[in-house]
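The values are calculated or read from the model by the stated rules, or taken from the named source; none is laboratory data. Bear in mind the structure is a predicted one, so any value in this text is a computation, not a measurement. Don't worry about glycine lacking a Cβ; one is built from the backbone with ideal geometry, like all the others, and counts go over all protein chains shown.
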Amino acid sequence: MKPIVVIIGRPNVGKSTLFNRITQSRAALVDDFPGVTRDRLSGNAVWNDVAFTVVDTGGFAGPQDDPFAPQVREQVDLAVAEADLVVVVFDGRSGVTPFDREMVDRLHDHQGPVLYAVNKIDGEEQEQALYEFFALGMKQLYPISAEHRYGMDDFLDALVARLPRATRGGKDETEAGQIRIAVVGRPNVGKSSLINRILGQERLLVSDQPGTTRDAVDTRWTVSGRDYRLVDTAGIRRKAKVSARIEKFSVIKALRSLERCDVALVVVDAAQGITEQDVSIAGHVEDRGRGCIFVVNKWDLVDARAGAARRVELALRDAAKFMAHAPVVTVSAHTGQRVGRIFPLVNTVYDQYMTRLGTGRVNRILEEAVTRTVPPLYKGRRLKFYYATQVSVRPPTFVAFVNAPEGVHFSYQRYLVNQIRQGTGLTRTPLRLIFRERSGRIDFGDGKKPARKPRRGGKS
């Protein structure tokens, strides 16, 4: 699981600009008007080969006329509690304010590492602005300019040096051999009810009020001799639909559960149909390379005449084409209808998720694939695939060596992935296919094996 870095500070100090700089994106909305960022935003970053997640937050104080200011402050407090490292950003141009002092005071009891950065320092001659901030009591300050990149290298070096190393499946998370299942979905689709039905008892709080579950709750269970760890997560909402700021904090907890699971059950409300947010949640699962099962819940509320289940599956396939490998099962947590089918599907997905193939078999599939459909031209030259091998599981990940990796169009990549699926039977798990540059003798580019060179001093 990647460490989480949370950026906090009063409005308009440049938190979103720093977020964009660290994540090398423009995902955060940036404006000179204070209080632009209310919802928290997360993104991935890598520095010195250390991967971590960055979270941008709303301004700690908030404009006086902002009715959401108290909720934003609560949101910031919750984000700090969840963080592996906190970055406090000050404004080097405007100097210390009472809000800065209050923010530092609130962090005195924080147990985790905290870095203090003074932003809008565009050069060495402006570093004298730091002296005022030392009065707040910290021993070290980092002068930076998120906009112009001044001081960013030293700041990021210090940041990653204080991060815990990413973990996944360590002894502290779960026992060996357990299948980790994350139950995710929009609020009020019946996630807790589903787990209660699976467990056969009221282990989790259930309510008709959306957002009842705010923390991820792990539950161990054994079914037919196999061990599982079930994670019930808070519902993931669209930002526009979240009015209580505390509920947005649960999104990070849900994403954390995806970081440490093997198979995700994406729960969909059959009565409401497939929504954009269902597809977005499935996208989070796909981005993290986790196994996936679509669980269409509340089937007892649907007119399930002939063909209804097939129509729902087709709607899912059309809306989430990138998840064509994910099984679909229609259930009712209320009545127990077809809930018993979930664990056999989990076992199938997990077993494929953990499959490792021999290099010879992978190369035979690659050779047949490029013979059947010759690779396209790139810059006037035919792409040549030399060999391929599987490099990891969770999910099965393959590396194919090619003369021009940048020339492999996504459509041909998709074709090769489908050929691997057909050739191996791995139809229920995500697959990863990576291209790397390499020259060699094994050339499948023209559909022919290379002629063997004669041995020195011998016959061909």
Output the residue which, of all residues in segment 15-34 that are in a loop (DSSP other than H, G, I, E, B) and at pLDDT 50 or above, is surrounded by the most Cβ atoms within 10 Å (Cβ to Cβ).
Ser25
Filter result (assigned to a helix (DSSP H, G or I) and within 12 Å of Val80 (Cα to Cα)) within segment 105-140
Arg106
Please note which helices (runs of 4 or more DSSP H) are completely contained in segment 271-365 and include at least 1 residues that are within 20 Å of the chain's Cα centre (by Cα), outside the structural domain of Tyr386 (by TED's automatic domain parsing) and buried (at least 17 other Cβ atoms within 10 Å of the Cβ).
276-287, 342-353
